[in-house]
Each structure stands twice: as C-alpha cells, then as structure tokens.
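> Below you'll find the structure I mean.
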Amino acid sequence: MINTKSEIAITSSSPRVDFSLQDAGVLVGIIGSLFVLSGVAISIITKINKIVFIVDGIQETLKLHASNAEKIKDLDKRFDIHLQDYVNYKDGNLLSHNGLEEKIDHKWQRSETEFNTIKVSIKELQGFLIRTNDFKMRE
C-alpha cells in the first residue's frame, strides 16, 4: 500500500501577539499608575466636595446672619423710637416738676406774707383788747 500523505498549505492570516515579561512589566506599571492617578483624582474630588460643602454652610450662615442683621436693624429703630419717647416723657415730667416747684414757692411766699400779716393783726388785736378791757395774755 502506498501511503500517501496529503498536506494542505495553511497560511495563518490572524496576527500573532507575542507577550514578553518586559511587556507585562510595562502593563503592570501602566495599571499601577492608573490606580495611583485615580486615587489622587478621588482625593482631589473629595477635598473639592468638602470645600463646596463648607462654602454652602458658610452661605447658609451668612443668610441667617443677614436676616438677623435686618431684625437687629428693626429693633434698633424701635429702640430709637422708645428712647425718643422716654426723652420726651422725661422732659414733660421735668417741665411739670419745675412748674410745680415754682407754684409751691409762690404759694409758700404768699402764705408767709399772709402769716406775717395775720401775726401783726393778732398783736394789734391783743393790744386793743388789753387797752379796752381787762384782757390778760396767755402763752
């Protein structure tokens, strides 16, 4: 028997990739660098988010202080009104007090002159009664 071998020429059209240890080191270096860069990016993004959160808190606090400032300004106006009212009330009372003092001084001077007049009249009456009757003075 005749052994015949048939061979078919096969040409490989698919490209072949040769992967060496040097290529593996470069690939591991690239992957490691990507992990480090992603870690740095995540930490930067986290810090930016914290800063944004702090700025938002500061904005809310400023809004609260602005509303409190308006309330204080309103209270200050009210206080000024009450202060002016007090000054006017005090001035009115002071004028009334001074007017009353003047009236009292005037009445006191008038009563002193009337008292002196009455004293003189009583002495004259006593003198008249002593001369005309048998009138005796008691102390």
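Any read-out appearing in this document is the output of simple, stated calculations on the displayed coordinates, not a laboratory observation. Quantities reported herein were computed from a predicted structural model and do not represent experimental measurements. With ideal geometry, Cβ positions are generated from the backbone for all residues, glycine too; neighbour counts draw on all protein chains shown.
> Could you tell me the extents of segment 20-139's C-alpha atoms along the three principal axes, largest first, rounded to whole Å?
Principal axes ranked by extent give 162, 28, 11 Å for the Cα atoms.
> Excluding residues on the same chain fewer than 8 positions from residue 123, give the lysines whose Cα lies under 27 Å from its Cα.
Qualifying lysines at Cα under 27 Å: 107, 136.
> Residue 119: which aspartates and glutamates have alpha carbons under 19 Å from its alpha carbon, excluding same-chain residues fewer than 8 sequence positions away?
Qualifying aspartates and glutamates at Cα under 19 Å: 139.
> Still on this structure, please answer the following. Among 83, 34, 55, which residue has its Cα furthest toward the positive end of the charge dipole of segment 28-135, with +1 on Lys/Arg Cβ and -1 on Asp/Glu Cβ?
Sorting the options by dipole projection puts first 34.
> Straight-line reach from residue 47: which aspartates and glutamates fall under 17 Å, measuring Cα to Cα and dropping same-chain residues less than 8 apart?
Cross-link targets: 56.
> Convex hull volume of the Cα atoms in segment 43-111, per residue, in Å³?
Working: hull volume 4.3 nm³, N = 69.
Hull volume normalised by residue count: 62 Å³.
> Continuing with this model, one more query. Of the chymotrypsin sites (Phe, Trp or Tyr not before Pro) in segment 41-139, which ones lie in a loop per DSSP and count no more than 14 other C-beta atoms within 10 Å? Walk me through the numbers on the way to the answer.
Values: sites: 53, 79, 86, 89, 108, 115, 128, 135; in loops: 135.
Answer in residue order: 135.
> Largest first and in whole Å, give the semi-axes of segment 16-74's equivalent ellipsoid, each being the square root of 5 times a Cα gyration tensor eigenvalue.
On the way: eigenvalues 621, 9, 3 Å².
One finds semi-axes of 56, 7, 4 Å for segment 16-74.
> So for segment 41-81, what percent of the C-alpha to C-alpha distances run longer than 14 Å? Show your work: numbers first, answer last.
Details: 527 of 820 pairs.
Pairs farther apart than 14 Å: 64 percent.
> Gain in length, residue 73 to residue 97, computed as 0.36 nm per residue apart minus the alpha-carbon separation, to one decimal in nm? Walk me through the intermediate numbers first.
On the way: separation 24, 0.36 × 24 = 8.64 nm, distance 3.55 nm.
Value of the extension gain: 5.1 nm.
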